[in-house]
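Enquirer: Sharing a structure with you now.
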Amino acid sequence: MKVALTGASGFVGTVLQEHFKDTIYIHRDDDEAFTLQKLDGVDVVINLAGAPILKRWSDPYKKVLLQSRVDTTATLVSAINRSNVKHFISTSAIGIYPDDMSCDESCTDVAGDFLGLLSQKWETEALKCNKPTTILRFGVILGKNGGALAQMLTPFKLGVGGIIGDGKMMTSWIHMDDLMGMYHYVIENKLTGMYNATAPHPVSNYTFTKALGKALRRPTVLPLPVFALKLMYGEASTVLTGSKEVYPRKIQDAGYTFKFQDIEEALEDIVTS
């Protein structure tokens, strides 16, 4: 099976390259004609293109975030629609869901903030594909050597990690092994539609913090005020402070069994191996 990949240098893209050896790379600045040439003989396209989300959102950077996801996906889809690609798997985020609401894939409410708008526009472009299409809405991806966890490890290892605010915000997470498992399962079973890429048991920030402290054998006594994150990241702090309680009902109904369902086991596996 031949796979084409956008966003290959990112956290998820790097791991996907280890799972799919026969891979070609499509870059954000590739035009439609060049992309179409690259798609010759490709079976599956996995779209991960997008500028880093956790950075201060000035108005110019918001345009970068939109262009790197929405415009890149539009160009990619136009090329796929002219190709013999058999399956398109695109990306979105659970940021599309409103805060403080329990959601599975049947939830149609959309967050009224920039993340909600960004995710909705991104998905809209992906769904213009005329090939079998799957969209994975990523939760917080936990793995080695990157992602949100890499940014948390230093303060926690120094013993200055702690809960955010009151610790009640919900975190919907997934172990990288299960994200890779979902990709394989979607491809092998030809699943299409929208799927939440999150573990079955979201946890509060308090529970997550205590689990990470336990895995690292470090104290977690210093809370991080929400206002401090707002000073650091501005509007983008909502990535860290939003409360997303999201469940992967559809992939479970399709028969996928998660390897890591417990946050303590997931974090222990990552930080000790």
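Nothing in this text is a laboratory measurement; each read-out follows from the coordinates by a stated rule. Keep in mind it's a predicted model, so treat the numbers as computed, not measured. As a convention, Cβ positions derive from the backbone with ideal geometry for all residues, glycine included, and neighbour counts pool all protein chains shown.
Enquirer: Which residue out of 244, 250, 259 is more than 19 Å from residue 153 (Cβ to Cβ), touching a residue at least 24 places away in the same chain (Cβ under 8 Å) and in contact with a His (Cβ under 8 Å, 6 or more places away or on another chain)?
Expert: Numbers: 244 fails: in contact with a His (Cβ under 8 Å, 6 or more places away or on another chain); 250 fails: in contact with a His (Cβ under 8 Å, 6 or more places away or on another chain).
Checking each option against the conditions leaves just 259.
Enquirer: Please go through region 144-167 and give me each residue that is surrounded by 15 or more Cβ atoms within 10 Å (Cβ to Cβ), part of a loop (DSSP other than H, G, I, E, B) and among the aliphatic types (A, V, I, L, M), ordered by number.
Expert: Within region 144-167, 163 is the sole residue that qualifies.
Enquirer: Let me ask something else. Which one of 54, 16 is assigned to a loop (DSSP other than H, G, I, E, B), under 16 Å from the mean Cα position of the chain (by Cα) and not polar (S, T, N, Q)? Write out each step before concluding.
Expert: Values: 16 fails: assigned to a loop (DSSP other than H, G, I, E, B).
Going through 54, 16 in turn, the sole match is 54.
Enquirer: Can you tell me which residue in region 232-256 is surrounded by the most Cβ atoms within 10 Å (Cβ to Cβ), limited to those that are in a helix (DSSP H, G or I) and among the aliphatic types (A, V, I, L, M)?
Expert: Here is the first cut: in region 232-256, the residues in a helix (DSSP H, G or I) are 232-241, 249-253.
Filter again for among the aliphatic types (A, V, I, L, M), leaving 232, 236, 239-240, 251.
Numbers: 232: 12, 236: 22, 239: 18, 240: 21, 251: 24.
Restricting to residues being in a helix (DSSP H, G or I) and among the aliphatic types (A, V, I, L, M), the top hit is 251.
Enquirer: Does any residue in region 64-92 that is touching a residue at least 40 places away in the same chain (Cβ under 8 Å) come within less than 7 Å, Cβ to Cβ, of a residue that is part of a helix (DSSP H, G or I) and β-branched (Val, Ile, Thr) six or more places away or on a different chain, and which pairs are these?
Expert: Pairs found: 75/35; 76/35; 79/35; 87/187; 88/80; 89/186; 90/73.
Enquirer: Could you look through region 203-231, keep only residues that are without any contact (Cβ under 8 Å) to a residue 40 or more places away in the chain and closer than 30 Å to residue 59 by Cα, and pick out the one that is surrounded by the most Cβ atoms within 10 Å (Cβ to Cβ)? Break it down stepwise before answering.
Expert: Start the filter on region 203-231 by keeping residues that are without any contact (Cβ under 8 Å) to a residue 40 or more places away in the chain, which leaves 204, 210, 217, 227-228, 230-231.
From what is left, the residues that are closer than 30 Å to residue 59 by Cα are 227-228, 230-231.
Working: 227: 10, 228: 13, 230: 15, 231: 10.
Applying the filter and picking the extreme gives 230.
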